[in-house]
Structure formats: C-alpha cells, structure tokens
1. What do the square roots of 5 times the Cα gyration tensor eigenvalues come to for the chain, in whole Å, largest first, as semi-axes of the equivalent ellipsoid?
2. Please give the direction-averaged projected area of the C-alpha convex hull for the stretch 15-72, in square nanometres with one decimal.
3. Return the long-range amide H neighbours of T6 (sequence gap of 5 or more, or a different chain), with a cut-off of under 5 Å between placed amide H atoms.
4. Which listed residue (G25, N129, L168) has the Cα farthest towards the positive end of the charge dipole for the chain, taking +1 on Lys and Arg C-beta and -1 on Asp and Glu C-beta about the Cα centre?
5. How high is the relative contact order of the chain? Use alpha-carbon pairs under 8 Å, at least six apart in sequence, and give a whole percent.
6. Estimate the FRET efficiency between S52 and N136 by the formula 1/(1 + (r/R0)^6), using the beta-carbon distance for r and 35 Å for R0, to the nearest 0.05.
Amino acid sequence: GDHGYTAWSFPIYGGTAGGVIATAGTLNLVRIRRVPTGTISNIIIHVGAGGSSLTSGQCFAALFDSAGTRRGVTADQAVAWASTGIKTMALAVPYVNPAGDYYAGFWFNGTTGPNLLRGSQGASGAQINPGMTAGNYNAATSSTGLTTAAPDPFGAQTVNALWFWAALS
C-alpha cells in the first residue's frame, strides 16, 4: 500500500485543513474501500489541532466491517488527540480480515473535539456520497451518547459533510 498503509479513505495528499469532530459522543464513520485480505492492526488519522479538555477514558477509534459489525477498538486516545500529527492507534486485538470495505470510526468526549485532516474544502455530504444510500456512505455519523464502549453494530448512518482522512495498517 501507499506510504506503508494497507488502505485509506483517500490519498493523504488530497486532504485539506481539518474539520473538528463537532459533537461529543457521536460516532464519525469513514469508509475505507477495497481493503485487501490480511491483518489490520492500526487505525491512522491526522490531527491538525488538538482537542481541548478531552475526557480521559472516553475518546476512541474503532474498526467496523461494511455491515457495521465492530471488529476492533483502540485504547483511549484522549492524550494523543490533544496534540497534533499523525496518530497511529493500535487495535487492542489485531483483526484478521477478509478483503472488502471497512469503516474507521471515532468519537470523543470533552470540551472541543480534535481537528482532523479532511477532504476538500466546501464539499457537501451530497458531493462526498453521490448516489449512495444510508448504510453505504463514504462519510457519516451514527450512534450517539457514546462514552467508554463502541457500538456493535453501529446505528443508522446520517450523511456527514466532513470526509475525514483515515488509513489502516
């Protein structure tokens, strides 16, 4: 894969100034297409500006298959997401995956969420998800009220105009 990643939501060089994960406790989903058979050990994001007053034990990333079934969860990311840069977040247990599409999901709790690298400025949910229906979006939000546990499976998807960059390794 490119840059040592197995797959990503879009090429990192296509990213632009970040977007804040706006709503605490809401699962933000990014579809990662055509992941080859192998083992997924990490979810990677880029934090452009750290979150503030993030709640310890309530900031996580998770891996889901295309049906929404949870396949892995990271440790708490409250400290990591308070600073900038590439964040390689290990899954607690690596997932031996069949080829297919997957979702990287993440949520925070605290005062202000981290600002993540995202797709094109000015893109709308319709531009990011053309011709797609719920359950198949490239960028979406889902389950709400999350604190310490990732949903399994995640709930109904709502279009998100912020297409965050995420990669798997």
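Every read-out reported here was derived from the displayed coordinates using simple, explicitly stated rules and does not represent laboratory data. Since the structure is predicted, the reported quantities are computational estimates derived from the model, not experimental observations. Ideal geometry is used to build each Cβ from the backbone, glycine not excepted, and the neighbour counts take in all protein chains shown.
1. 20, 18, 16
2. Reported value for the Cα convex hull: 5.3 nm².
3. It is L168, S169, by chain and number.
4. N129
5. Result for the chain is 37 percent.
6. Efficiency computed from Cβ-Cβ geometry: 0.55.
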